[in-house]
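Visitor: Before anything else, here's the structure in question.
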Amino acid sequence: MTVDVVVVGAGIVGAACARALARRGLAVTVLDRRGAASGTTAHGEGNLLVSDKEPGPELVLAQHAARRWPSLVAELEDELGSDRHGFPPLEYDPKGGLVAATTAAGAQPLRDFAARQRGAGVDAREIDVAHALELEPALNPALTAAVWYPEDAQVQPVAAAEALLASARRAGATVRPGVEVVGALRDGERLVGVRTSDGDIPAAAVVLAAGPWSGVVAARLGVGLPVRPRRGMVLVTTRMPHVVRHKVYDGDYVGATQSGDAALQTSSVVESTAAGTVLIGSSREQVGFDDRLRVAVLREMAARAVRLFPFLADASVMRTYLGFRPYVPDHLPIVGPDPRTPGLWVATGHEGAGIGLGPVSGELLADLFTGAEPATDPAPFRVDRPAVLDAALDEPHPSESTPSENTPSENTGEAS
Amino acid sequence: MSRRTVVVVGAGPAGLSAARAAARAGADVTLLDASDQVGGQFWRHRALPGGGTAPDEPTFHHGWGTFTALRDVVATHPRVTLLTSAQVWALERLDAGVRLRVLVGPADGAGREHLTLTPDALVLATGAHDRTLPFPGWQLPGVTTAGAAQALAKAERVAVGDRVVVAGAGPFLLPVASSLLRTGARVLSVHEAATPASMARGWGARPAGLLGAAHKAGELGGYVGTLARHRVAYRLGEAVVAARGDGRVEEVTVARVDARWSPVPGTERTVAADAVCVSHGFTPRLELAVAAACAISPDRFVVVDDEQRTSAAGVWAAGELTGIGGAEAALAEGWVAGHHAASGAPDDAGLARAARRRARSADFARRLDAAHGIRGGWTSWLRDDTLVCRCEEVDAGTLRAAACATGSADLRSVRLTSRAGLGPCQARICGRTVAELVGATEPAPGGDTGSAPAVPDRRPLVVPVRLGDLATLPDVPAADAP
Amino acid sequence: MSATSQGAGPRPLTITLDGRPFAGTEGQTIAGMLLAARRRSWRTTSVESAPRGVFCGIGVCFDCLVTVNGSRDVRACLRRAADGDVVETQHDPLPGVTS
């Protein structure tokens, strides 16, 4: 049996692609080497942010996503139900984000950044210390600048991905966990399906949405795709009194996102969850798929969080988890057809923004796939942009890459 | 050349024995225990000023003399450093070896002293804790594990209640009932879920042959005698299937169960009680073994070879972590593990004796499981509103609905969407139960497999750590960095 | 050390739970002192506001958490009571989601 589309990866991006394609009448099969939402989706914080994005194509996509999320949540809850014994709550919360500079040197760059964002239409309000403390009474008052971003929001990422998948299934899609892509089915140059650990699946098209493992899967399909893992860790406290009301970041978050430096970077991201726990992120390391615990990283994250919120010093951290973000050298997602290989489509490379950008990326891909007018300009995200093609030259040739080397054993925890 | 350094984590029978054997073989040994006393759960005892022993202490224990001898060795031997109140909270895998992160000070205290250890060899002897299956009302105050009753009796001479029902499965129920009697509680009855037929399968047909190992038979025979003297009924093929009360347990429902542990309709009866002590077996404390990437067996014990060596380089394991074998087996395994961790001579006569003692207990775990192993019928005493995850208060109905709504049999997804297992105990209590209820695939952790879903025993933070303590962690030498 | 040696005998101590005094002796855990005084529960759960006390008794289940001298999330079954400890019960209600 031939399906119209095989989506490789059942994280939030694959789920969004599957839903968007299935709702346009295509026969979709979603594969995941493990379970649904078990990779990067389960190991982040559920950030839907505009605050951390420089003016540019990613910000445009993020602004589109910020507008899309409320209606998407309403659609999903309407379709799936959200009562106690119905679908688990998505915990969508447009709580807003507060970025605080904690050093004299950090103040002006934050103000300048916010000014540029305002120029791009972001609601970025520079506020004084008193206003910041009104928003976050427990915040360390020794801050040097603060910007309030009302458009930032949060969602429970696994529930969101599962909801997109459930919706896709209702539109006729099939989800097959535990099925791993091991190779390509080709008709000349054209990709006509995938070989899997559970047999061949012929398909008119293949959508590669395997997050940080996209480069590995691409190699198995005979294509070079420069998507690499960028490791991140998160700390979770026990449930505690609801003190942190919004997403709160120290200003360094901005610099860390845009840098390609492989060395450890941390910046504080602190927020409460609907369960009453506090999530503390985040770190960025390029160490391949090395999943070993590094306590030194936790220390840096903890120190920054305590600087931001001194009361957290007494909080009990009950869990830490680490995950891998899909990282592309120019920090932009890849969404669209791969002109080098007819039949191959790509939706990946969202780095730490995949939860926020995943749904609109899936819809963008479906627009392109079906020839509909895209809601946002797809050109910056195309596969054959120079930054991607150049970096792809450095990717190991498929014959040089053994799957097992690049396959992480396991991650060391899970989200909140 | 400096002597080989061995760190032993856990000062119960296995750890004490391992520390002694490693010191005997010439290593510098550091023995860590999170408690402020040594002995583990098995030899948990009253803490008296100056380290004295309560006069009635030996009556609460088996092998008390063995304990005091081991205790004196680890307290006084020049090559053993004993660190109590020392909680290992993380284990980092280095390119060669492991690094332990330790906090020393009062339990869960803020501002405890940091300690970092990078030994040549690590012996894990972290033991096990009770596994209790959920039943309606098990969250009521007054319902405890059997281990809680035992710990409070042994360490503080406190009874968890006045009128106590003991229930669950396994020979451990007997010493618990005995300890309760010694602390003045009235034990109403002991209910063992295993039927007489499965008891016979595991232990042999003769009641006196309750256990294969002779010392065990004597020990348990003594408990049966104690129960008989106090006219406490020891009833097989019965289970506590519900507890009720207003803010605390006031009565329990006991029912007969069939060979699969399904309650037999019409056999329910109500017993007034103010405490219920329930355990259905033991589950090992795997956090450090998983963090060290030790191979774990499908039945969730650490895999070891004849030398008690795990699959992780430089890591040995002994005691309940490697299979529920009781204190005698733990002592023997600890001996073997400590000796090899210290690179002791292979032809050592003491080693050979320990190996023989270990062999005598080899069959214990299999017999225990044959007689008392949890049978799948227990789930029929659950109701939709029965809590499964105590921390996050997730009931069976919500759990099943989450699994059904998402169509997911992936444990990670079910946990994250239902919140089962995400509370402070980090699924220590409900992890295996949740996996069984949603039919999730639950592979052994630490194994290879890129396709492994969530791993309930993977807890990189072994215990909660205060953020302020994390933030003030001292530097480790750069040469040590992974 | 002899198997039956006895020290001077445990010293008495007092702690408070939410301001109410509880008497015990050195060497007891906070949970042990409360249970000995027939107090069966102290924590209040977040979802159902239900009472909890000791369940596992050995530091595994985290049901018995209390705040001790201002530090939250202390396992009462593990922490030895110190004379004058100010112990408070914990109740952390769920936050409301604002959407």
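The values are calculated or read from the model by the stated rules, or taken from the named source; none is laboratory data. Owing to the predicted nature of the structure, the values given are computational and were not obtained by experimental measurement. Neighbour counts run over all protein chains shown; Cβ positions are idealised from the backbone, glycine included.
Visitor: Working only within region A:374-394, note down all residues that are among the aliphatic types (A, V, I, L, M) and either more than 24 Å from A:HIS64 (Cα to Cα) or crowded, with 16+ Cβ neighbours inside 10 Å (or both). Spell out the reasoning first.
Guide: So the first thing to find is which residues in region A:374-394 are among the aliphatic types (A, V, I, L, M), and the list is A:375, A:379, A:383, A:387-389, A:391-393.
Answer for region A:374-394, where residues must be among the aliphatic types (A, V, I, L, M) and either more than 24 Å from A:HIS64 (Cα to Cα) or crowded, with 16+ Cβ neighbours inside 10 Å (or both): A:VAL383, A:VAL388, A:LEU389, A:ALA391, A:ALA392, A:LEU393.
Visitor: Given A:GLY371, A:GLY336, A:GLY358, which one is buried (at least 20 other Cβ atoms within 10 Å of the Cβ), on the phi > 0 side of the Ramachandran plot and at pLDDT 95 or above? Write out each step before concluding.
Guide: Details: A:GLY371 fails: buried (at least 20 other Cβ atoms within 10 Å of the Cβ); A:GLY358 fails: on the phi > 0 side of the Ramachandran plot.
After applying the criteria, what remains is A:GLY336.
Visitor: Can you list the strands (runs of 3 or more DSSP E) lying wholly within region A:120-187 that have 2 or more residues being more than 30 Å from A:ARG340 (Cα to Cα), of a type in the set (D, E, K, R) and at pLDDT 95 or above?
Guide: Details: elements: A:125-127, A:145-149, A:174-177, A:181-187.
Output list reads A:125-127.
Visitor: When the residues of region B:75-104 are filtered to those that are over 30 Å from B:ARG458 (Cα atoms) and out of contact with any strand residue (DSSP E or B) (no Cβ under 7 Å at 6 or more places or on another chain), which remaining residue is farthest from the other protein chains (Cβ to nearest Cβ)? Talk me through it step by step, then tell me what you get.
Guide: To start, the set of residues in region B:75-104 that are over 30 Å from B:ARG458 (Cα atoms) comprises B:75-80.
Imposing the further condition that a residue be out of contact with any strand residue (DSSP E or B) (no Cβ under 7 Å at 6 or more places or on another chain) reduces the set to B:76-78.
Values: B:THR76: 10, B:HIS77: 14, B:PRO78: 18 Å.
In this case the residue turns out to be B:PRO78.
Visitor: Considering each of A:VAL248, A:VAL297 in turn, give the residue that is away from chain B (no Cβ under 11 Å) and either more than 24 Å from A:GLY215 (Cα to Cα) or modelled with pLDDT under 95 (or both).
Guide: Values: A:VAL297 fails: away from chain B (no Cβ under 11 Å).
It is A:VAL248.
Visitor: Run B:HIS339 past the list (1) part of a loop (DSSP other than H, G, I, E, B); (2) closer than 21 Å to B:ALA23 by Cα and report the number of the one that doesn't hold.
Guide: (1)
Visitor: Now for a different question. Given the conditions (1) at pLDDT 95 or above; (2) in contact with a helix residue (DSSP H, G or I) (Cβ under 9 Å, 6 or more places away or on another chain), which single one is not true for C:PRO21?
Guide: C:PRO21 satisfies every listed condition except (2).
Visitor: Which one of these does B:ASP72 not meet: (1) surrounded by fewer than 21 Cβ atoms within 10 Å (Cβ to Cβ); (2) of a type in the set (D, E, K, R); (3) within 29 Å of C:SER41 (Cβ to Cβ); (4) within 9 Å of chain C (Cβ to nearest Cβ)?
Guide: Of (1) surrounded by fewer than 21 Cβ atoms within 10 Å (Cβ to Cβ); (2) of a type in the set (D, E, K, R); (3) within 29 Å of C:SER41 (Cβ to Cβ); (4) within 9 Å of chain C (Cβ to nearest Cβ), only one is false for B:ASP72: (3).
Visitor: Still on this structure, I have one more. So, of the residues in region A:37-51 that are under 19 Å from A:TYR92 (Cβ atoms) and assigned to a loop (DSSP other than H, G, I, E, B), which turns out to be nearest to the other protein chains (Cβ to nearest Cβ)?
Guide: If we take residues in region A:37-51 being under 19 Å from A:TYR92 (Cβ atoms) and assigned to a loop (DSSP other than H, G, I, E, B), then A:ALA37 is nearest to the other protein chains (Cβ to nearest Cβ).
Visitor: Separate question: Please enumerate the residues belonging to region B:282-308 that are surrounded by 21 or more Cβ atoms within 10 Å (Cβ to Cβ) and not hydrophobic (A, V, I, L, M, F, W, C).
Guide: Hits for region B:282-308 are B:THR283, B:PRO284, B:ARG285, B:GLU287, B:GLN308.
Visitor: Hey, among A:VAL158, A:VAL234, A:VAL216, which residue is of a type in the set (A, V, I, L, M) and out of contact with any Gly (no Cβ under 9 Å at 6 or more places or on another chain)? Break it down stepwise before answering.
Guide: On the way: A:VAL158 fails: out of contact with any Gly (no Cβ under 9 Å at 6 or more places or on another chain); A:VAL234 fails: out of contact with any Gly (no Cβ under 9 Å at 6 or more places or on another chain).
Sole residue among the options that is of a type in the set (A, V, I, L, M) and out of contact with any Gly (no Cβ under 9 Å at 6 or more places or on another chain): A:VAL216.
Visitor: Of A:ALA203, A:ALA161, A:ALA210, which residue is over 23 Å from A:TRP69 (Cβ atoms), among the small types (Gly, Ala, Ser) and touching a helix residue (DSSP H, G or I) at 6+ places or on another chain (Cβ under 8 Å)? Spell out how you get there, then give the answer.
Guide: Working: A:ALA203 fails: touching a helix residue (DSSP H, G or I) at 6+ places or on another chain (Cβ under 8 Å); A:ALA161 fails: over 23 Å from A:TRP69 (Cβ atoms).
Residue meeting the stated conditions: A:ALA210.
Visitor: From B:PRO119, B:PRO78, which residue is over 20 Å from the mean Cα position of the chain (by Cα), part of a loop (DSSP other than H, G, I, E, B) and touching a residue at least 12 places away in the same chain (Cβ under 8 Å)?
Guide: Unique residue meeting the criteria: B:PRO119.
Visitor: Exactly one of (1) in contact with a strand residue (DSSP E or B) (Cβ under 8 Å, 6 or more places away or on another chain); (2) at pLDDT 95 or above; (3) away from chain C (no Cβ under 13 Å) is unmet by B:GLU250. Its number?
Guide: If we test B:GLU250 against (1) in contact with a strand residue (DSSP E or B) (Cβ under 8 Å, 6 or more places away or on another chain); (2) at pLDDT 95 or above; (3) away from chain C (no Cβ under 13 Å), just (3) comes out false.
Visitor: Also, quick follow-up: Tell me the residue from A:VAL346, A:VAL335 that is within 17 Å of A:ARG385 (Cα to Cα) and in contact with a Gly (Cβ under 7 Å, 6 or more places away or on another chain), please.
Guide: Numbers: A:VAL335 fails: in contact with a Gly (Cβ under 7 Å, 6 or more places away or on another chain).
Unique residue meeting the criteria: A:VAL346.
Visitor: Still on this structure: Restricting to region B:105-141, name every residue that is more than 9 Å from every other protein chain (Cβ to nearest Cβ) and of a type in the set (D, E, K, R).
Guide: Across region B:105-141, the qualifying residues are B:ARG112, B:GLU113, B:ASP120, B:ARG131.
Visitor: Quick one: B:GLY147 ticks every box in (1) in contact with a strand residue (DSSP E or B) (Cβ under 6 Å, 6 or more places away or on another chain); (2) part of a loop (DSSP other than H, G, I, E, B); (3) at the interface with chain C (Cβ under 7 Å from one of its Cβ atoms) bar one, so which box is it?
Guide: Evaluating B:GLY147 over (1) in contact with a strand residue (DSSP E or B) (Cβ under 6 Å, 6 or more places away or on another chain); (2) part of a loop (DSSP other than H, G, I, E, B); (3) at the interface with chain C (Cβ under 7 Å from one of its Cβ atoms) leaves (2) as the failure.
Visitor: Pick from region A:76-119 the residues that are of a type in the set (Gly, Ala, Ser) and assigned to a loop (DSSP other than H, G, I, E, B): which of them is nearest to the other protein chains (Cβ to nearest Cβ)? Spell out how you get there, then give the answer.
Guide: Applying the first criterion (of a type in the set (Gly, Ala, Ser)) to region A:76-119 yields A:81-82, A:86, A:96-97, A:100-101, A:104-107, A:114-115, A:119.
Remaining after also requiring assigned to a loop (DSSP other than H, G, I, E, B): A:81-82, A:86, A:96.
Numbers: A:GLY81: 8, A:SER82: 10, A:GLY86: 6, A:GLY96: 10 Å.
Once the filter is applied, the top-ranked residue is A:GLY86.
Visitor: For region B:36-66, what are the residues that are surrounded by 19 or more Cβ atoms within 10 Å (Cβ to Cβ), among the polar types (S, T, N, Q) and touching a residue at least 60 places away in the same chain (Cβ under 8 Å)?
Guide: Of everything in region B:36-66, just one residue is surrounded by 19 or more Cβ atoms within 10 Å (Cβ to Cβ), among the polar types (S, T, N, Q) and touching a residue at least 60 places away in the same chain (Cβ under 8 Å), namely B:GLN41.
Visitor: Looking at region B:381-402, can you tell me whether even one residue there is over 19 Å from the mean Cα position of the chain (by Cα), more than 27 Å from A:VAL175 (Cα to Cα) and in a helix (DSSP H, G or I)?
Guide: yes
Visitor: Out of the strands (runs of 3 or more DSSP E) lying entirely within region C:50-96, which hold 3 or more residues that are under 21 Å from C:GLY19 (Cα atoms) and more than 9 Å from chain B (Cβ to nearest Cβ)? Let's see the steps before the verdict.
Guide: On the way: elements: C:65-68, C:71-75, C:86-88.
Passing ranges, in order: C:86-88.
Visitor: Quick one: in region A:76-120, which of the residues that are under 21 Å from the mean Cα position of the chain (by Cα) and charged (D, E, K, R) is nearest to A:ALA145 (Cα to Cα)?
Guide: A:LYS95
Visitor: Next question. It is to be established whether one or more residues within region B:336-347 are more than 30 Å from B:GLY26 (Cα to Cα), of a type in the set (Ser, Thr, Tyr) and in contact (Cβ under 8 Å) with a residue 60 or more places away in the chain. If you could, list the steps in order and put the result at the bottom.
Guide: Narrowing region B:336-347 to residues more than 30 Å from B:GLY26 (Cα to Cα): none.
Checked region B:336-347: no residue is more than 30 Å from B:GLY26 (Cα to Cα), of a type in the set (Ser, Thr, Tyr) and in contact (Cβ under 8 Å) with a residue 60 or more places away in the chain.
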